[in-house]
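The values are calculated or read from the model by the stated rules, or taken from the named source; none is laboratory data. Remember, it's a predicted structure, so these values are computed and weren't measured experimentally. Methodologically, a virtual Cβ is constructed for each residue, glycine included, from the backbone with ideal geometry; neighbour enumeration extends over all protein chains shown. Just so you know, the surface numbers come from the protein's heavy atoms only, side chains and all, with ligands and any DNA or RNA stripped out. Shrake-Rupley method; radii C 1.70, N 1.55, O 1.52, S 1.80 Å.
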Amino acid sequence: MRDKPVQDEFTIALEAGIEYISCMTAHPDSILIIDFGSQVTQLIARRVRETGVYCEIVPFQLAEDAFNRMMPKGVILSGGPASTADIGSPRAPQLVFDADIPVLGICYGQMTLCVQNGGEAEASDHREFGRAFVNVEKSCPLLEGVWGEGESHQVWMSHGDRVINLPQGFEVFARSEGAPFALFGNVKRRMYGMMFHPEVVHTPDGAKLLANFVHNIVGIEGDWSMAAYKEKAIADIRKQVGDDKVICALSGGVDSSVAALLIHEAVGDQLTCIFVDHGLLRLNEGEEVVNMYREHYNMKLVHVNAVDMFIDALEGESDPERKRKIIGGLFIDVFEAEAKKLSSNGDPVKFLAQGTLYPDVIESVSFTGGPSVTIKSHHNVGGLPARMNMELVEPLRELFKDEVRALGRELGLPDHFVGRHPFPGPGLAIRCPGGVSREKLDILRAADAIYLDEIRKAGLYDTIWQAFAVLLPVQTVGVMGDGRTYEFVCALRAVTSVDGMTADFYHYDMEFLSRAATRIINEVKGINRVVYDVTSKPPGTIEWE
């Protein structure tokens, strides 16, 4: 049952029209999370990894092959928008329930766990959305040390269906006003279903319940660490690459830098880093990247000045997805050309490395036909053009952003570099909504530099997860001194986050905003108005354009 090759998973993905590539490593003690489309599935993975346990998320269509590949010690079934009462609604592979391993179903996952084991669920008028309270009727291993019998605890509900009859051998452990089977399970089979969401912060004890599941019920100790990951990743890279050459797409950001250092530790001079200056970087960033790598790291570095190529191709383009596609395509062209140069001596370059992260992989999987298929389209997470005849090396595709930072520290990167704000691959092109031009990019670069300078002077850089300026595609009339101006509006954004999956705007005081706005208007010709964007990023939304 468990000996199917990894390739099957990718084949199924292609046939289903799903952009997906499985992670290259297998961990002996892991949790498989089967995703039924919940907008907070990623948070389940975060909570599990916070316990020191490795996990992966896969869409339900690919779950059987992922199960066979990973051989997980336990399975978590996520929530989702479907109803088990609907014909053709998604199900977990039956082998999950036949494998004699612990299973935890959350929300929709609870429903399908119930139905697939002989119970019943129905669409109900007794819906619960938001804060609710469950009453504990009986203790069980999942609740041990967290909730006691007879207690009432806050949880976060989001359901319209409910269980009406339990499978044989299952019993109720907690109820809520709208969910008489809010928490049930079969202690002997180590299977549990909860109607509420333990992964969100609005269920205060949710992380403890998930820790109980992975440690006490599944029995994984929680010794997955960055040090262990580094050693295993280095071994995996050596096994994948062998004696062949690798080129690495180095942007100068944290992700690609950590990937480059990790690969360099694995294969040394077989690696050549290629830094493409596409004219969409922040002020002086190109020079800083080249100087840092040539002076501080003993790695081969090729600096490609491709400013004219990129800017000419983007000139006047306003559609954000077209911008991404243009930039991604040109990157491929540049890497292909450089690979040919490095292969001219008869020793071909067989591998292209890049800093793809787990959120890139998760958000690029689309099994519902929704907008997620367009997210991170510049990362090529679905593969490379066949003409390149190269394989991808993506040693970070199992990690979240904060985990990459931890790995960077393991590799010896200084804290001031590891803590750099994330900067997207398409660079300033997507911070310049509307048509792209050299003039607009220069204006934006200057405003962005002033904004970041003020953030650093205020001691806020490490508090904020990401900050940047945006040049809006509108111009306004303004009076500056004795003259009238007609110039662009600049928007400032700053958010707090841990891993980039969810975020909230940073609450500046007005004194800071006044100081930053005044400097930008005074020092940047072409901007006469500055606004602050208070947009948040709830789970499941696409990234900001």
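Per-structure values
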| read-out | value |
| --- | --- |
| So Ile234, is it crowded, with 22+ Cβ neighbours inside 10 Å and either among the hydroxyl-bearing types (Ser, Thr, Tyr) or under 24 Å from the mean Cα position of the chain (by Cα) (or both) | no |
| Residue count, region 242-262 (criterion: touching a strand residue (DSSP E or B) at 6+ places or on another chain (Cβ under 6 Å) and surrounded by fewer than 22 Cβ atoms within 10 Å (Cβ to Cβ)) | 2 |
| For Ile247: the one exception among (1) more than 23 Å from the chain's Cα centre (by Cα); (2) assigned to a helix (DSSP H, G or I) | (2) |
| Hits in region 272-298 (condition: polar (S, T, N, Q) and open to solvent by 20 Å² or more (accessible area, probe 1.4 Å)) | Asn284, Asn291, Asn298 |
| Pick from region 498-545, criterion part of a loop (DSSP other than H, G, I, E, B) and small (Gly, Ala, Ser), ranking: modelled with the highest pLDDT | Gly526 |
| Search result, residues across region 57-75 that are of a type in the set (Val, Ile, Thr) and open to solvent by 10 Å² or more (accessible area, probe 1.4 Å) | Ile57 |
| Test for Asp269: is it open to solvent by 10 Å² or more (accessible area, probe 1.4 Å) and in contact (Cβ under 8 Å) with a residue 12 or more places away in the chain | yes |
| Residue in region 482-494 that is of a type in the set (Phe, Trp, Tyr) and under 27 Å from the mean Cα position of the chain (by Cα) present | no |
| Residue selected from region 273-313 under the condition in a helix (DSSP H, G or I) and of a type in the set (Phe, Trp, Tyr), by the criterion nearest to Gly435 (Cα to Cα) | Phe310 |
| When residues of region 76-99 are limited to those that are hydrophobic (A, V, I, L, M, F, W, C) and within 25 Å of the chain's Cα centre (by Cα), the one surrounded by the most Cβ atoms within 10 Å (Cβ to Cβ) | Leu77 |
| Residue match in region 193-209 (condition: modelled with pLDDT of 85 or more, open to solvent by 60 Å² or more (accessible area, probe 1.4 Å), under 22 Å from Asp86 (Cα atoms) and not aliphatic (A, V, I, L, M)) | no |
| Subset of region 151-182 (residues that are open to solvent by 60 Å² or more (accessible area, probe 1.4 Å) and either in a strand (DSSP E or B) or free of Cβ contacts under 8 Å to residues at least 24 places away in the same chain (or both)) | Glu151, Ser152, Trp156, Asn165, Glu171, Arg175 |
| Boolean, Ala235 is free of Cβ contacts under 8 Å to residues at least 40 places away in the same chain and in a helix (DSSP H, G or I) | yes |
| Test: residue in region 426-434 that is within 20 Å of the chain's Cα centre (by Cα) and in a loop (DSSP other than H, G, I, E, B) | yes |
| Yes/no for Phe184 being in contact with an Asp or Glu (Cβ under 8 Å, 6 or more places away or on another chain), modelled with pLDDT of 95 or more and not charged (D, E, K, R) | yes |
| Unique residue being in a strand (DSSP E or B) and within 31 Å of the chain's Cα centre (by Cα) when the list is Gly193, Gly185, Gly219 | Gly193 |
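Each row is one residue, and each column tells you yes or no for (1) in contact with a helix residue (DSSP H, G or I) (Cβ under 6 Å, 6 or more places away or on another chain); (2) modelled with pLDDT under 95; (3) of a type outside the set (Ser, Thr, Tyr); (4) buried (at least 17 other Cβ atoms within 10 Å of the Cβ).
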| position | (1), (2), (3), (4) |
| --- | --- |
| Asp415 | no, yes, yes, no |
| His421 | no, yes, yes, yes |
| Ile443 | no, no, yes, yes |
| Tyr486 | no, yes, no, no |
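Per-residue answers, yes or no, for (1) at pLDDT 85 or above; (2) in contact with a Cys (Cβ under 7 Å, 6 or more places away or on another chain); (3) within 22 Å of Ala306 (Cα to Cα); (4) buried (at least 17 other Cβ atoms within 10 Å of the Cβ):
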| position | (1), (2), (3), (4) |
| --- | --- |
| Ala337 | yes, no, yes, no |
| Gly346 | no, no, no, no |
| Phe367 | no, no, no, yes |
| Gly383 | no, no, no, no |
| Leu392 | yes, no, no, yes |
| Glu403 | yes, no, no, yes |
| Arg409 | yes, no, no, no |
